[in-house]
Amino acid sequence: MIKIALRVWVVGGLLGLLLGCSPLNVLNLLTPAGTYHKVSDLKYGKDPRNRLDVYTPVNRAADVPVVVFFYGGSWNSGSRSDYRFVGEALAARGIVAVLADYRLYPQVHYQGFLDDSARVVGWTREHIRQYGGDPARLYVMGHSAGGYNAAMIALDPKWLAAVDMQPSVLSGWIGLAGPYDFLPIENPEVKPIFFFPNSPPDSQPINHISAASPPALLIAAKDDKLVNPERNTGGMARRLREQGVPVRELYFSRPGHGTLIAAFSRPMRGLAPVLDEVMAFIHGQDPASGISNDR
């Protein structure tokens, strides 16, 4: 199964290059459309990038859990349309998924994309009932730079305070290969975004943990070459445990940094049970079981 998934990824990527499509678009082309309903291009702010899409299950029931997803891209690239396979994966499992764009560098630096992320959560809490979602079961999730956004929204109260909310409104947060402790910055693309060498310490999620922080699910690729999993995922998990916050920490050996999120897609699920772990966390199964590696 894994070999087949890898073959699909490689062949799909090559076809995508030939056709002018990214590998993410290839995954979207292989994603079914009959498992969800989608409401597109909803405004949550005044900027043209302040738009979001809502994915709901086909057989929509009232008051189902809600996941707000933030994509990665080093805070300088990305589009919610690239991640239809994530919205489909969650909606097909009975979750209302909110996928949002946010302003990117050079239009904004740190803090602009966090202002937008907070507005997305505020919009979701206010409006999601009309899409069948339960605002009392609200999660934020992100991959890579989006994992940073999710962490900051969940851990630093000032962001949600700007939309008259507190992190306690979140049932939990999910970080996928997120950077949570990355000073001094080494990535040249990221340096100007965080005002290097004068990057503020309060820009780091790991500095905002308290006993009141929401429960967390942290997943990383063991051999991630872009975001150090030991320092970021491992360090975040240790700090959360020190404060008594429930956290589940998982490391997978087969996916890499990018393919960790690709494992949400149907062709790539053989790489690692990332979607299964997210669903178990949302439904409250074993939320504080500690550290796990590939079984």
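The values are calculated or read from the model by the stated rules, or taken from the named source; none is laboratory data. Since we're looking at a predicted model, the values are computed, not measured. Cβ coordinates were reconstructed from backbone atoms using ideal geometry, including for glycine residues, and neighbour counts include every protein chain displayed.
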Task: Matching residues, the stretch 152-211, being in contact (Cβ under 8 Å) with a residue 40 or more places away in the chain, β-branched (Val, Ile, Thr) and not in a loop (DSSP other than H, G, I, E, B) - done: VAL169, ILE174, ILE193
Open item on the list: For the stretch 91-113, give me the residue count where each residue is more than 15 Å from the chain's Cα centre (by Cα) and either in a loop (DSSP other than H, G, I, E, B) or more than 25 Å from PRO65 (Cβ to Cβ) (or both).
Closed with: 12
Open item on the list: Condition first: modelled with pLDDT of 95 or more, in contact with a Pro (Cβ under 9 Å, 6 or more places away or on another chain), of a type in the set (A, V, I, L, M, F, W, C) and surrounded by fewer than 24 Cβ atoms within 10 Å (Cβ to Cβ). Can you find one or more residues in the stretch 141-152 that meet it?
Closed with: no
Open item on the list: Condition first: of a type in the set (D, E, K, R), surrounded by fewer than 18 Cβ atoms within 10 Å (Cβ to Cβ) and farther than 18 Å from PHE113 by Cβ. Now tell me which residues in the stretch 193-242 satisfy that.
Closed with: LYS222, ASP223, LYS225, GLU230, ARG231, ARG238, ARG241, GLU242
TODO: Return a yes/no flag: does the stretch 177-193 have any residue that is among the β-branched types (Val, Ile, Thr) and under 26 Å from HIS283 (Cα atoms).
DONE: no
TODO: Please tell me if ALA161 is of a type in the set (A, V, I, L, M, F, W, C), surrounded by fewer than 18 Cβ atoms within 10 Å (Cβ to Cβ), within 28 Å of GLY87 (Cα to Cα) and more than 12 Å from the chain's Cα centre (by Cα).
DONE: yes
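Anything in the stretch 63-80 that is polar (S, T, N, Q) and either free of Cβ contacts under 8 Å to residues at least 40 places away in the same chain or part of a strand (DSSP E or B) (or both)? List them, or say none.
If the condition is that a residue be polar (S, T, N, Q) and either free of Cβ contacts under 8 Å to residues at least 40 places away in the same chain or part of a strand (DSSP E or B) (or both), then SER77, SER79 are the ones that fit.
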Open item on the list: Kindly evaluate VAL227 against the criterion of being within 14 Å of GLY72 (Cβ to Cβ) and among the aliphatic types (A, V, I, L, M).
Closed with: yes
Open item on the list: I'd like to know if the stretch 218-240 contains one or more residues that are within 14 Å of ALA177 (Cα to Cα), β-branched (Val, Ile, Thr) and touching a Lys or Arg at 6+ places or on another chain (Cβ under 9 Å).
Closed with: yes
